[in-house]
Structure formats: structure tokens, C-alpha cells
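The values are calculated or read from the model by the stated rules, or taken from the named source; none is laboratory data. Keep in mind that this is a model prediction, so the values were computed, not measured. Neighbour counts are summed over all protein chains in view; Cβ atoms, including those assigned to glycine, are modelled from backbone coordinates with ideal geometry. SASA here: full protein model, heavy atoms, side chains in, ligands and nucleic acids out. Shrake-Rupley method; radii C 1.70, N 1.55, O 1.52, S 1.80 Å.
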Amino acid sequence: MKVSLLKIGVGIILLIFTLFAFVIKQPCDIDKVYLWCRVHPLSVLDIFGLLLFYGGAFLMMGFIPLSNEQNSSKWNFILFGAIALGIILIWV
């Protein structure tokens, strides 16, 4: 099985995100500057944002192949938009 640099990089980003969001507890204040404070307690928007973020990352890693039409980047832009929307929903 061939492992690409993209899969390793996205996997490291997902690992760091998961650690700071759910494992490593950080001090919270009124500004909620840390990721731990943004996702605790979980809201409906947080759950939807997490699904978009993790789903987009797994799609980007190639676990579910996307097929673009020839000379088209449609799915790449849709995937980028979904990941960006997920991050915004988590941070709101």
C-alpha cells in the first residue's frame, strides 16, 4: 500500500486537532481562544462542523475517491468549501 505525503500530512493535522479539541484540556476564559473551549460543551453547530471537517479530511486523504470531470476542479472546490464551512461552524 502506497502512502502519500498528503495522507501523512492530513493525518498529522487531524491528530493534532483531535488532541487539542478532545484530549488536552486547556484553560478557558470569556474569549474562548482555545479549541477545547470552543467544542466544550458541544452544540449542534459544533457537531455539524466536526462532521464536515473530519469528512472533508478523509475525502482529501483519498479514502473515498472523488472523480472530477476532465479539466475540472469542481469537487476540489466543493471539498475546500465544506472543510472551511466546518471550521467556521466549530469556531462560532
How big is the accessible area of Ile24 in square angstrom, nearest 10, if you roll a 1.4 angstrom probe over the protein chains? 80 Å²
Using a 1.4 Å probe on the protein heavy atoms only, what accessible surface does Leu59 show? Give it in Å² to the nearest 10. 50 Å²
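Once you charge only the Cβ atoms, +1 for Lys and Arg and -1 for Asp and Glu, what is the size of the charge dipole of segment 4-92 about its Cα centre, to the nearest 20 debye?
Values: 5 positive and 4 negative charges, 24 e Å.
With only Lys, Arg, Asp and Glu charged at Cβ, the dipole is about 120 debye.
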Listed candidates (i) 65; (ii) 75; (iii) 56 - label of the one calculated as percent of Cα pairs over 17 Å apart: (iii)
Pop a pseudo-label 7 angstrom from the Cα along the beta-carbon direction at both Val3 and Asn68 and give the gap in nm to one decimal. 2.6 nm
Give me the extension gain from Ser43 to Trp75: residue separation times 0.36 nm, minus the current Cα-Cα distance, reported in nm with one decimal. 8.7 nm
Using Cα pairs closer than 8 Å and at least 6 residues apart in sequence, work out the relative contact order for the chain, in percent. 31 percent
How large is the accessible surface per residue of the chain, computed with a 1.4 Å probe and reported in Å² as a whole number? 73 Å²
Name all residues of segment 32-61 having a backbone nitrogen under 16 Å from the label point set 7 Å from the Cα of Ile13 along its Cα→Cβ direction, giving them as ranges. 50-61
Return the calculated 222 nm mean residue ellipticity for the chain, to the nearest 500 deg cm²/dmol, obtained by summing -39500 (n - 2.57) across DSSP H runs with n ≥ 4 and dividing by the residue count. -19000 deg cm²/dmol
